[in-house]
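Since the structure comes first, as structure tokens, the remarks are kept for the end.
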Amino acid sequence: MLENCILLSLFAKENLHRMSERQLNLYDRLINEPSNDWDIYYWATEAKSPPAELETDVMAMLREFTKNEKKEQRLRQPDLEYLFEPP
């Protein structure tokens with residue numbers, strides 16, 4: 001779904017380069033295990049609680065990012081060039 005594509009891709013751009021291997025594995029699990037994309041959205045926006053096994057520091061990071069306290073415009077996914085730039 002579009003909302004998750006925008007949210008998760010912007011979160012990835014901002015955070016993946018500084019995550020540990022453990023956190024990367026948790027993020028991979030978070031975005032690939034749920035069978036319903038709406039669940040991820042509800043967990044990120046705190047409309048629902050995730051299952052205990054997904055309640056991790058990565059989920060906390062995603063929730064904090066979702067709050068958008070800097071009031072950034074998040075209207076589209078980032079261009080992929082950032083994947084090829086040195087951190």
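Worth a mention:
- Candidate set: region 67-87, residues that are under 25 Å from R29 (Cβ atoms) and assigned to a loop (DSSP other than H, G, I, E, B); chosen: the one most open to solvent (accessible area, probe 1.4 Å): P87
- Hits in region 32-65 - residues which are touching a Ser or Thr at 6+ places or on another chain (Cβ under 9 Å) and under 16 Å from L16 (Cα atoms): R63
- Taken over region 40-58, residues that are of a type outside the set (F, W, Y), part of a helix (DSSP H, G or I) and open to solvent by less than 60 Å² (accessible area, probe 1.4 Å) amount to 5.
- When E64 is tested against (1) surrounded by 14 or more Cβ atoms within 10 Å (Cβ to Cβ); (2) within 12 Å of the chain's Cα centre (by Cα), only condition (1) is not met.
The values are calculated or read from the model by the stated rules, or taken from the named source; none is laboratory data. Here the structure is a predicted model, which means the values were calculated and not measured. Note that we place each Cβ from the backbone using ideal geometry, even for glycine, and neighbour counts take in every protein chain shown. Areas reflect the complete protein model, heavy atoms only, side chains present, ligands, DNA and RNA absent. Shrake-Rupley method; radii C 1.70, N 1.55, O 1.52, S 1.80 Å.
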